[in-house]
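Just below is one structure, and these are the notes that go with it.
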Amino acid sequence: MTYVAGLQLKENTYIRRQRVLIFPGTVQASVGQEVQPDTILAKTELLPGVPVAVDLASYFQIDPAHVPAVMQKQTGDYVLPGEVLAVVENSLLAGGKKVYTSPFRGLIEHISASRGIVLIREEAKEDEPVVVVDAAKALNISPRFLRAFVHVQEGDEVLYGSVLASSDGYGADAVRAPIRGIVASIDTRSGTISLMKPYSPSYARAYLAGRVVEIIPERGAVVEATGSYLEGVFGVGGERYGILTKLAAERYDNLDAHHFSEEHEGCVVWGGAGITLAGMQAALKHKVAGVIVGGLKSSNLVQLLGQEISIGITGQEDIHTTFIATEGFGDVPMLDLTYDLLARHVGCMTSLNGRTQIRAGVQRPEIIISHPVAGTEAQVAPEAPTRLAVGMRVRAIVAPYFGQTGEVMAILPPKELPTEVKMSLLQVRLSDGRVVELLPNNVEGLRGS
């Protein structure tokens with residue numbers, strides 16, 4: 001009878017990560033370059049969020065299916081403000097044609113023949129000038145009355161084409177935003193509304209301390225590192241990195257607020273069995289990059305984040321410290337193999353990511369400790385056995401026992417489940433003393449069993 005394999009734990013191994021931008025940009029790395037986790041590999045100034053939809057079918061009064069044929073630019077092309085996007089020949093028009101020009105600088109992401117629209121992702125530059133819209137003049141009103149007609153306030157973010165002001169609601173006379181930006185000011189002396197483009201470049205950073213082995217044009221690079229690789233059971237928080245620092249004396253100890261100080265800012269710290277809520281708050285206060293412990297209490301996570309935690313997928317939490325549990329929920333002492341591996345590499349650059357996905361496409365939180373292989377071949381920690389046996393240590397990987405460890409007390413004879421399938425069950429004594437029955441494919445083996 002087989003079961004789900006245990007978590008990965010590798011010593012002296014090769015690790016590769018593809019580090020790319022969401023949108024095309026400029027690659028700044030080169031093959032063979034030695035990098036640190038914060039090294040910028042590529043940069044894009046294309047604005048995130050929803051791209052601007054330009055309705056060319058309505059503009060030209062043509063069938064949406066004809067839009068691709070009138071385009072002067074194609075998907076993947078960069079366009080500048082005022083550059084011709086599309087042309088329709090018509091002898092009834094002045095000049096014999098009608099032209100649509102790009103309202104801003106950006107990248108054509110898609111041309112839709114079914115809807116007759118073109119999606120353009122706007123690009124912002126660091127030295128972008130403030131755009132001033134003469135709203136009072138457009139509405140033919142006195143500047144001092146402008147605020148009675150505006151639909152926005154200072155600090156509002158507006159999209160391209162959003163209504164800034166109008167005299168009759170959202171009628172034809174509406175003054176619309178010529179760019180996506182932030183309302184910087186509404187001036188009742190000049191009657192103008194000033195918009196400032198948000199400059200928020202996106203970067204693809206190396207994440208690992210290693211070497212660039214491949215360039216991906218316009219997107220990023222592949223980084224290779226040598227070191228140790230560990231998978232956790234559960235985590236919250238995204239990608240972080242820092243020097244590995246030991247806090248707890250023993251693997252049974254819990255981290256508390258007094259363990260943290262200013263000297264731990266930017267470090268990846270690790271302890272023993274767990275961490276208190278006060279300890280988690282202290283880690284955030286002192287800007288610790290990451291915390292690795294045996295177990296995390298779900299009640300502490302809820303209080304820390306102010307919301308329920310979904311074990312379906314994590315990693316997007318708005319916190320600057322990543323927390324990873326290597327064993328499960330509650331106060332769970334680290335396995336000897338994990339504890340000893342971390343202890344051997346104190347002082348090494350460590351990268352970690354708390355992203356956890358339990359549903360389809362399982363993803364575990366990861367810990368990567370960069371260090372030279374130093375002429376030795378890659379080694380892998382002993383694998384968990386692939387067949388169940390009484391006395392083996394296992395970890396539950398489904399609710400309501402997710403993350404809890406225990407010992408197999410017995411392999412029960414097959415019995416009919418509510419799904420009308422007959423299967424053998426495991427009788428497992430959990431670490432808290434409870435004896436429960438679990439399906440074999442709902443547990444994973446622990447190394448050192």
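The values are calculated or read from the model by the stated rules, or taken from the named source; none is laboratory data. Since we're looking at a predicted model, the values are computed, not measured. Note that we place each Cβ from the backbone using ideal geometry, even for glycine, and neighbour counts take in every protein chain shown. All accessible areas refer to the heavy atoms of the entire protein, side chains included, with ligands and DNA or RNA removed. Shrake-Rupley method; radii C 1.70, N 1.55, O 1.52, S 1.80 Å.
Computed quantities for the displayed model
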{"read-out": "Burial order of peptide ranges 337-344, 39-46 (average beta-carbon count within 10 Å, highest first)", "value": "39-46, 337-344"}
{"read-out": "Cα-projected label distance for Gln281 with Arg429, points at 7 Å along beta-carbon direction, nm", "value": "3.8"}
{"read-out": "Members of Lys43/Lys73; Lys43/Lys125; Lys73/Lys98; Lys97/Lys125 lying beyond 22 Å, as alpha-carbon distances in this model show", "value": "Lys43/Lys73; Lys97/Lys125"}
{"read-out": "Rounded accessible area per residue of the chain, 1.4 Å, Å²", "value": "48"}
{"read-out": "Partner lysines for Lys246 [C-alpha distance under 27 Å; skip if fewer than 8 residues away on the same chain]", "value": "Lys10, Lys285, Lys287, Lys297"}
{"read-out": "Radius of gyration, Dmax [the range 290-349; alpha carbons; angstrom]", "value": "13.0, 36"}
{"read-out": "Which labelled figure in [x] 48, 24, 20; [y] 40, 27, 21; [z] 54, 26, 24 is semi-axes √(5λ) of the Cα gyration tensor in Å, once derived from the coordinates", "value": "[z]"}
{"read-out": "Beta bridges per DSSP with both ends in the range 185-275, % antiparallel, nearest 5", "value": "60"}
{"read-out": "Relative contact order computed over the range 158-315 (Cα-Cα under 8 Å; 6+ residues apart), in percent", "value": "13"}
{"read-out": "Rounded to 5, the percent of DSSP beta bridges in the chain classed as antiparallel", "value": "85"}
{"read-out": "Segment Glu416-Asp38, extension gain: residue separation times 0.36 nm, minus the distance between their alpha carbons", "value": "130.6 nm"}
{"read-out": "Sulfur and carbon atoms: percent of accessible area, the range 13-97 [1.4 Å]", "value": "52"}
{"read-out": "Solvent exposure, largest accessible area first (probe 1.4 Å, DNA, RNA and ligands not counted), of Ser167, Ser351", "value": "Ser167, Ser351"}
{"read-out": "Spin-label zone in the range 204-242 - amide nitrogen under 15 Å from a point set 7 Å from the Cα of Gln316 along the C-beta vector", "value": "236-239"}
{"read-out": "Cα-based shape type of the range 179-290, given that a ≥ b ≥ c are square roots of the gyration tensor eigenvalues and the cut on a/c is 1.5", "value": "oblate"}
{"read-out": "For the chain: relative contact order, % (alpha-carbon pairs under 8 angstrom, 6 or more apart)", "value": "17"}
{"read-out": "For the chain, calculated [θ]222 nm from helices alone, where every DSSP H run of n ≥ 4 adds -39500 (n - 2.57)", "value": "-2000 deg cm²/dmol"}
{"read-out": "Net lengthening on full extension, Ser185/Ser30 (0.36 nm per residue, minus Cα-Cα)", "value": "51.5 nm"}
{"read-out": "The chain, dipole about Cα centre (Lys/Arg Cβ +1, Asp/Glu Cβ -1), debye to the nearest 20", "value": "420"}
{"read-out": "Accessible surface of the range 124-276 [probe 1.4 Å, protein heavy atoms]: carbon and sulfur percent", "value": "48"}
